[in-house]
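A.B. asks: Supplied in structure tokens, the structure appears directly below.
The values are calculated or read from the model by the stated rules, or taken from the named source; none is laboratory data. A quick note: this is a predicted structure, and the numbers were derived from the prediction, not measured. Here the Cβ positions follow ideal geometry from the backbone for every residue, glycine too, while neighbour counts run over all protein chains shown. With ligands, DNA and RNA removed, areas are computed over all heavy atoms of the protein, side chains included. Shrake-Rupley method; radii C 1.70, N 1.55, O 1.52, S 1.80 Å.
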Amino acid sequence: MLLIRCPWCGFRDQSEFQAQGEAHITRPEDPYQLDEEQWGQYLFFRKNPKGVHYERWVHVHGCRRWFNVVRNTMTDDILATYRPEEPIPVLSDEETNQPT
Amino acid sequence: MKKQINRLEHDARLNRRKSIRFWFDNRAYVGYEGDTLASGLLANGIHLVGRSFKYHRPRGIYTAGSEEPNALVQLEENAFTEPNRRATEIEIYEGLIAHSQNCWPSRKFDFGALNSWFSRLLPAGFYYKTFMWPTSFWMTYEKYIRKLAGLGRSPTEPDPHFYDKTYAHCDVLIIGGGPAGIEAATAAGQSGCRVILADEKFEFGGMLLSENMLINGIPCHEWIDSKISKLRAMPNVKLLNRTTVTGYYDYNFLVANQRVNEHLGPRVTINSPKERLWKIRAKHVVMATGAIERPMVFADNDRPGIMLASAIRSYINRFSTLPGKNCVILTNNDSAYHAALDIADEGGQVSIIDIRTNPSGSMIESAVSRGIRIIKNHSITGVGYSRGLLRSIEIMELSEDGLNVIGKKEKLLCDLVGISGGWNPTIHLFSQSKGKLKFDQSNHCFLADQPSKNNSVILAGSCQATWFLKDCMQEGHAAGCEAAKRAGFSVDGASDEINTGQIEYGALRPLWILPGSHPIGQGKTKHFHELHNDATVGDIHLAVREGYESVEHLKRYTTTGMGTDQGKTSNLNALVALSEIRNLSIPDLGVTTFRPPYTPLSMGSIVGYDCGELFIQKRKTPIHPWHDQAHAVYEDVGDWKRPRYYSQGKETMHAAVQRECRQVRKTAGLLDASTLGKIDLQGKDTRWLLNMLYTNVWDKLEVGRCRYGLMLNEHGMIFDDGVTTRIAENHYHMTTTTGGAARVMSWIEEWLQTEWPDLEVYATSVTEQWAVASLNGPNAREILQELTDIPLDEESFPFMSMREGQVANIPARVFRISFTGELAYEINVPARHGLALWEQLIEVGRKFDICPYGTESMHVLRAEKGFIIVGQDTDGTVTPMDVGMDWIVSKKKQDFLGKRSFDRTDTSRSDRKQLVGLLTDDPQFILPEGAHVVSEVKSKPPMNMLGHITSSYMSPNIGRSIAIALLKDGFNLKGQTLNVALMNGNSQRVIVTDPVFLNV
Amino acid sequence: MAEASKAYSIFSLVRNSLNYHQNWQRAWRNPQPKQDYEVVIVGGGGHGLATAYYLAKECGIRDVAVVEKGWLGGGNTGRNTTIVRSNYLWDESAALYEHAMKLWEGLSNELNYNVMFSQRGLLHLAHSVHDMQEIGRRGNAIYLNGIDSEFVTPQQVKEMVPFINLECRYPIHGALLQKRGGTARHDAVAWGYARAADNLGVDIIQNCEVTGFQIEENTVKGVETTRGRIGAKKVGCVVAGHCSILAEMAGFRLPIESFPLQALVSEPVKPILDCVVMSGAIHAYISQSDKGELVIGAGSDSYTSYSQRGGFDVIEHTVGPILELYPIFSRLKMLRQWGGVVDVTVDRSPLISKTPVNNLFFNCGWGTGGFKATPGSGHVFAHSIKSGDMHPIADPFSINRFNTGALIDEGAAAAVAH
């Protein structure tokens, strides 16, 4: 049971949140510039890393805001949370190279 | 009634003034307040309490705590019954009823014990090797195997009790109320921080309850009482006894089960919770979980009358019971000498078998000085047991390496054997929390190593192999201080002077699997390293021989550690056996993970109040009370209860729906549409957003006008539909399907917040703010006109527009939209006025022959007109083109969600499954929904399917059955005659048509 | 078939009991990896071992190694709720799972290892009008695909499970019954395939983790492992939750995310529940094992994770529906809960596919339901690896469907609206 810092509400129990998959996937400016395979990649193909993962969560039973979380998917340690408009946080080497 | 033949003189922790009568296997016994069922039975001379899992061997009481693998009983009867309860944890209460398990007809004479005779045929994994022929017979064999397994019986009635559930937050959670935990709680409590001290037993004190020593000159039981009363006086300290911390999850989230009033008996406590589940988020955790004594394994070590040496101490010092007269202590270490001394103190006969070759030191000297016989370097090679009691043991000298026995057998008469193979720190919770374990070579046990990064935990006392009481207490104090400090509280670091006068221990002999007179696994005796599941050291040999040599394979092949005790007394000895057989060190073997819960957790407490009416809310509209009175039969749509039809008298659903449908088209009908999802959209960029969300163009929608839209996911598939109305310049009212409301809302929020944050759009769910009555039929205008000043004529209030005004003196938004194809008004009023509006519409409508109708008629009426229902006629694999709605897909818009996906190879095929109408040859035959159209009817399956029937009804307004289907290349099949294959073997001829059956 | 001297039977059991089972042989060898193999299978779970077995048994390729980073069957094979069924909606799925079902029906004899496949019957409950439409469609489709499928009334459900609460929060309208559905002993499946494959010459190499692929001119030549390089003409990856990591090593991505999936068992009790009962609507999956434990499947957590554990809230939301349907279990206790890592595709159907790298094949994406497919998955994958072209049953499950849009959407049909 994670303890997640909502960038607006502070630390709250995981049960107030929902994970919404990989973050920083931008919808193509002009989808028709993409061929079928590229469009397929955008729709369905994901990094799914074992280790540091940039992902979206929504505080669904709270402020209903979306935000980003950096989490190690091996240990479930949360390394950072930040608002959608905030820059991607820089991790220390130790955090990036956590054992996987 | 039997006398308590094993009861001692002193009170110990019992209330001798309160006798309690309890029943075991239909015989009455008497114990005292403070007894467990185990101590009560032992006091009465009862050792045999049940039969084992696989071989149905007689079994007794093995421990005095939650680690009990053996003494599992069926507690209580009928609705109150619970299987597999540990007799060592059940507090007796007046009238308690318990039964032995896994035996028939009785625990003393059990037919299942035939298994024991065939035990040579039933080694680990025997079932993988046989019962394969003939193939069809496995189910027959299995039936008998299932009957023999399973221990206790499930209740067969609903649970009369209820369960509480609560959250708790604290600065410091201390797990374990023994000496270290008490010291930790005291230190942390004094700092002023919020402390919870939880202990699984009904009394605090931990191992001190089983002691008789002095602390600072006062008896240790008095020390406990005084410490606990001081803790009780601290308002910031919560003491939870009878509370087992069962799970340790991420970020210091722990789950604990409190047995609230089980000790009073089930009958008197029906109105208060049986158990309470604590969900605790602790800033810091102090684990003072103690240690569990480790057994040694020897030939027939499972007989009743054989128990842990520490259990004997508990029964003597805590429960005033000496479970035998003539005792033997088998040990590889000094700590068990205390048990021998306690027995001697209470006047029992005792000798010690010390497997060490030359034990020495003060403990040995104390025993010698008391005249206790110490037999060195011997193993127990046989056990004499009959008629419920231990009678004797057979011993032989150990060879130098301890792997064999030598010399002559000696027989010792005895009725109680206490075993000690040292101690195992209780680190299950630490392991659960993803803390790493390490094997400690000097203490021969696993210890906590690295805690997981997202948990803050400090260990204190014997759970980290600190064996001396004084050290445990000092560690507890230090841990309490440290945890409080980490939580930001200042603490006084000095601890009280502690004097416990403990003596030094000598080293143990690292030998736990004692040889018998035959090689292990051979001969008639069995070495049980795991009592609960009847797993033997011979099984481990066999497993390794067959290649199941990794720890996890061993566990699964022999079922070691898979019992209700989760191997608390057996896992390490299994590892020892495995390491000896494989000639590898224990660290090289690895360890299996401990999994929650620490002790089994009742399902009732996991669920708490979230059952019955509170399981999942029933959403009801404001008009619901009226539906109740009108004999509505409800349908579950999402979480909503919607009237499906209104039954008049003894009318069937079919008759009611036919009546309602006719009446709507003939006069008027009223549908409660309050459940439709409603989203209020405001802001200057709303129109831009709508253009992205819907397939059609929204640029020219004027204020006061409505438009239908289809919403697609990015795969291009329909996922919702509804009508959106422009209320004002930058203000829209969107409706969604009932089931899709939440999905659409989060869909909008997702795009707004993550992809287009610069848009100025505010989305608010207003589903429950509006009640909606949908007035349909030729008389709709007349009815509404009686209740409103809004001009309703065609010109001032045309189709697909909205007017605001008063309806029945209620402020309302009236939408002229229709899902039946009739003249229709959807009247939206603030939810609190919904019922009043409805009643007035019905009242006024009476003279216009209005009838309320439900969702079933709604479905028929819309099908007559060929309107789709998203989720019924579509299924997430259907595009707008597939349902013949190309007209709603803008060719002009450059982009909208889902558009790009239309051009994919598969999505752009022309022969996809497409929505068509079907008319049966027999106009009275209603095709079953879900039945399939086949290309060719065969005498039996398989048959090639073209697609399925999504909707099928008897249409009263057309006078025949109608159906809608999704068929491969359906548009090109129109006009053709095909067949629907039915599961009863018959088929129906159908003609493929347009899915619009009733033209204007 | 195993050689006579090693074969398992009641006779060999009796014979071996005479000398206290001292002469049983290893179920599989513990070989050192060779330099090269014709085929290397990565992943020693049920699917991987089955693939190796059918390569050796039916495809004439015995020069096969199965490399497993831990112990055989230690992933989802040993963590699932052991349900076997073939009552799938789409023709493609029905063909695949029914292919597996037919293999299950002869598997114990085929392997000479009792996998305890028990066709106890499987009920799929319908709790609403919409559910009835869903099982109606599926039941008909299954029937027309030649698979057993019956509709039963609430009363018939009650006869099969007398203590079920028909009038629960979403009252039971009916159910779809597959009599041939049931359970099997999960560990035995891995062990049985391992033993049989080993017997045919397959090298099963445990504690051997793949750390990379050797790829030349976009063609796989072997795998790098913690026990050195192992050459291979063809490589098949069957690693469930970890498939994305292997794909990354090979330089491509998959349409897959890995989620924690939890399960739990109750304490063992005497037989009370004979069939498997599934409720998709309130999410309650339950059966009773031969040991007597109630085996209960939980839902997956919402976040991706490789930690093999999930949140306690999921357990709460799993037991709630169980007690709603079976109030008599309230006083029974959860004995153990655990988690696995499941590889989930967006259409809830697996990937059995060639990849952008020549001679490298992937079999993954089984999500929460791979166990039931084990024999069929291994069988079609083996034939696909052998021929280089996908087996007709496997062909629709290619990775390419995520580009063309030809999804096999087993999840979509169950969605609810109106």
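A.B. asks: For region B:879-929, name all the residues that are under 43 Å from the mean Cα position of the chain (by Cα) and within 16 Å of B:ASN979 (Cβ to Cβ).
C.D. replies: If the condition is that a residue be under 43 Å from the mean Cα position of the chain (by Cα) and within 16 Å of B:ASN979 (Cβ to Cβ), then B:LEU927, B:PRO928 are the ones that fit.
A.B. asks: State whether one or more residues within region B:744-761 are open to solvent by less than 40 Å² (accessible area, probe 1.4 Å), modelled with pLDDT under 95 and farther than 23 Å from B:GLY704 by Cβ.
C.D. replies: Within region B:744-761, not a single residue is open to solvent by less than 40 Å² (accessible area, probe 1.4 Å), modelled with pLDDT under 95 and farther than 23 Å from B:GLY704 by Cβ.
A.B. asks: Quick check on my filter: what residues within region B:488-524 are in contact with a His (Cβ under 8 Å, 6 or more places away or on another chain), among the small types (Gly, Ala, Ser) and either surrounded by fewer than 15 Cβ atoms within 10 Å (Cβ to Cβ) or more than 18 Å from B:GLY476 (Cα to Cα) (or both)?
C.D. replies: The answer is B:GLY516, B:GLY521.
A.B. asks: What number of residues within region A:12-34 satisfy the criterion of being more than 9 Å from chain B (Cβ to nearest Cβ) and over 19 Å from A:GLU85 (Cα atoms)? I'd like the intermediate steps shown before the answer.
C.D. replies: Residues of region A:12-34 that are more than 9 Å from chain B (Cβ to nearest Cβ), as a first pass: A:12, A:15-17, A:19, A:21-22, A:24-25, A:29, A:33.
Applying the additional criterion that residues be over 19 Å from A:GLU85 (Cα atoms) yields A:12, A:15-17, A:33.
Residues meeting the conditions: 5.
A.B. asks: Cβ-Cβ below 7 Å, separation at least six or inter-chain, first residue in region C:346-362 and at negative phi, second assigned to a loop (DSSP other than H, G, I, E, B) and of a type in the set (D, E, K, R): which pairs?
C.D. replies: Sorted first by the residue in region C:346-362, then by its partner, the pairs are C:ASP347/C:ASP409; C:ASP347/C:GLU410; C:SER349/C:GLU410.
A.B. asks: Follow-up question, since we're still on this one. Can you tell which of B:PHE489, B:PHE528 is hydrophobic (A, V, I, L, M, F, W, C), in a loop (DSSP other than H, G, I, E, B) and in contact with a Ser or Thr (Cβ under 6 Å, 6 or more places away or on another chain)? Step through it out loud before you land on a result.
C.D. replies: Details: B:PHE528 fails: in a loop (DSSP other than H, G, I, E, B).
The match here is B:PHE489.
A.B. asks: Then there's this: Can you name the residue in region A:59-85 that is farther than 25 Å from C:GLY339 by Cβ and in a strand (DSSP E or B) and, of all such residues, is farthest from the other protein chains (Cβ to nearest Cβ)?
C.D. replies: A:TYR82
A.B. asks: Here's another thing I want to ask about it. Evaluate the following for C:THR304: is it of a type in the set (S, T, N, Q) and in a helix (DSSP H, G or I)?
C.D. replies: Here the answer is no, as C:THR304 does not meet what is asked.
A.B. asks: Taking B:ASP720 as meeting all but one of (1) of a type in the set (D, E, K, R); (2) in a strand (DSSP E or B); (3) open to solvent by 10 Å² or more (accessible area, probe 1.4 Å), write down the number of the exception.
C.D. replies: (3)
A.B. asks: Going residue by residue through region B:225-232, is there one that turns out to be modelled with pLDDT of 95 or more and within 14 Å of another protein chain (Cβ to nearest Cβ)?
C.D. replies: No: zero hits.
A.B. asks: Further question on the same structure: Is at least one residue of region B:692-713 within 11 Å of another protein chain (Cβ to nearest Cβ), over 17 Å from B:ILE888 (Cα atoms), in contact (Cβ under 8 Å) with a residue 12 or more places away in the chain and surrounded by 17 or more Cβ atoms within 10 Å (Cβ to Cβ)?
C.D. replies: Checked region B:692-713: no residue is within 11 Å of another protein chain (Cβ to nearest Cβ), over 17 Å from B:ILE888 (Cα atoms), in contact (Cβ under 8 Å) with a residue 12 or more places away in the chain and surrounded by 17 or more Cβ atoms within 10 Å (Cβ to Cβ).
A.B. asks: Which residue pairs have Cβ atoms under 7 Å apart, sit 6 or more places apart or on different chains, and have a first residue in region B:574-598 that is more than 25 Å from C:LYS333 (Cβ to Cβ) and a second that is of a type in the set (Asp, Glu)?
C.D. replies: As it stands, the answer is B:ARG582/B:GLU549, since those pairs meet every condition given.
A.B. asks: With (1) within 15 Å of B:GLU768 (Cα to Cα); (2) among the acidic types (Asp, Glu); (3) assigned by TED's automatic domain parsing to the domain that holds B:GLN840 as the list, and B:ASP639 as the residue in question, which single condition is left unmet?
C.D. replies: B:ASP639 satisfies all of (1) within 15 Å of B:GLU768 (Cα to Cα); (2) among the acidic types (Asp, Glu); (3) assigned by TED's automatic domain parsing to the domain that holds B:GLN840 except (3).
A.B. asks: How about region B:1-32: which of its residues are surrounded by 18 or more Cβ atoms within 10 Å (Cβ to Cβ) and either more than 15 Å from B:LEU96 (Cβ to Cβ) or out of contact with any Lys or Arg (no Cβ under 9 Å at 6 or more places or on another chain) (or both)?
C.D. replies: B:GLN4, B:ASN6, B:ARG7, B:LEU8, B:ALA12, B:ARG13, B:LEU14, B:ILE20, B:PHE22, B:PHE24
A.B. asks: Scan region B:884-899 for residues that are out of contact with any helix residue (DSSP H, G or I) (no Cβ under 9 Å at 6 or more places or on another chain) and open to solvent by 10 Å² or more (accessible area, probe 1.4 Å) and report the count. Explain how you work it out, then say what you get.
C.D. replies: Filtering region B:884-899 for residues out of contact with any helix residue (DSSP H, G or I) (no Cβ under 9 Å at 6 or more places or on another chain) gives B:885-888, B:891-892, B:898.
From what is left, the residues that are open to solvent by 10 Å² or more (accessible area, probe 1.4 Å) are B:885-887, B:891-892.
Result for region B:884-899: 5.
A.B. asks: Strands (runs of 3 or more DSSP E) wholly in region C:249-301 with at least 1 residues that are over 24 Å from C:SER118 (Cβ atoms) and touching a residue at least 12 places away in the same chain (Cβ under 8 Å) - which ones?
C.D. replies: C:256-266, C:294-300
A.B. asks: If we only count strands (runs of 3 or more DSSP E) wholly inside region B:735-836, which ones have 2 or more residues that are of a type in the set (Gly, Ala, Ser)?
C.D. replies: B:762-765, B:770-776
A.B. asks: Follow-up. Can you pull out the residues in region B:302-343 that are surrounded by fewer than 24 Cβ atoms within 10 Å (Cβ to Cβ), closer than 20 Å to B:ILE395 by Cβ and of a type in the set (A, V, I, L, M, F, W, C)?
C.D. replies: none
A.B. asks: Right, here's the next one. Out of region B:660-694, which residues are more than 30 Å from B:GLN840 (Cβ to Cβ), part of a helix (DSSP H, G or I) and charged (D, E, K, R)?
C.D. replies: B:ARG687
A.B. asks: Within region B:462-473, restricting attention to residues that are over 32 Å from the mean Cα position of the chain (by Cα) and part of a helix (DSSP H, G or I), which residue is nearest to the other protein chains (Cβ to nearest Cβ)?
C.D. replies: Out of the qualifying residues, it is B:CYS472.
A.B. asks: Evaluate region C:238-261: report whether one residue or more is of a type outside the set (Val, Ile, Thr), at pLDDT 95 or above, more than 20 Å from C:TYR306 (Cα to Cα) and in contact with a Leu (Cβ under 9 Å, 6 or more places away or on another chain).
C.D. replies: No, there is no match, as no residue in region C:238-261 is of a type outside the set (Val, Ile, Thr), at pLDDT 95 or above, more than 20 Å from C:TYR306 (Cα to Cα) and in contact with a Leu (Cβ under 9 Å, 6 or more places away or on another chain).
A.B. asks: Right, another one. Only one of B:PHE902, B:PHE925, B:PHE971 is surrounded by fewer than 20 Cβ atoms within 10 Å (Cβ to Cβ), within 27 Å of C:VAL152 (Cα to Cα) and modelled with pLDDT of 95 or more; which?
C.D. replies: B:PHE925
A.B. asks: Just to check your reading of the model, which residue among B:TRP770, B:TRP838 is of a type in the set (A, V, I, L, M, F, W, C), modelled with pLDDT of 95 or more and open to solvent by 10 Å² or more (accessible area, probe 1.4 Å)?
C.D. replies: B:TRP770
A.B. asks: I need a count of the residues in region A:86-100 that are assigned to a helix (DSSP H, G or I) and away from every other protein chain (no Cβ under 12 Å).
C.D. replies: As a first pass, look at region A:86-100 and keep what is assigned to a helix (DSSP H, G or I): A:93-96.
Next, only the ones that are away from every other protein chain (no Cβ under 12 Å) stay: A:93, A:96.
Number satisfying all stated conditions: 2.
A.B. asks: To continue, here is another question. If you go through region A:1-33, how many residues are over 20 Å from A:THR75 (Cβ atoms), open to solvent by less than 40 Å² (accessible area, probe 1.4 Å) and more than 14 Å from the chain's Cα centre (by Cα)?
C.D. replies: Of the residues in that region, 4 qualify.
A.B. asks: Go through B:THR166, B:THR156 for me and flag whichever is under 30 Å from B:TYR609 (Cβ atoms), open to solvent by 30 Å² or more (accessible area, probe 1.4 Å), in contact with a helix residue (DSSP H, G or I) (Cβ under 7 Å, 6 or more places away or on another chain) and at pLDDT 90 or above.
C.D. replies: The match here is B:THR156.
A.B. asks: From B:GLY480, B:GLY538, B:GLY476, B:GLY561, which residue is within 13 Å of chain C (Cβ to nearest Cβ), in contact (Cβ under 8 Å) with a residue 60 or more places away in the chain and open to solvent by less than 20 Å² (accessible area, probe 1.4 Å)? Working first, answer last.
C.D. replies: Working: B:GLY480 fails: within 13 Å of chain C (Cβ to nearest Cβ); B:GLY476 fails: within 13 Å of chain C (Cβ to nearest Cβ); B:GLY561 fails: in contact (Cβ under 8 Å) with a residue 60 or more places away in the chain.
Only one candidate passes the filter, namely B:GLY538.
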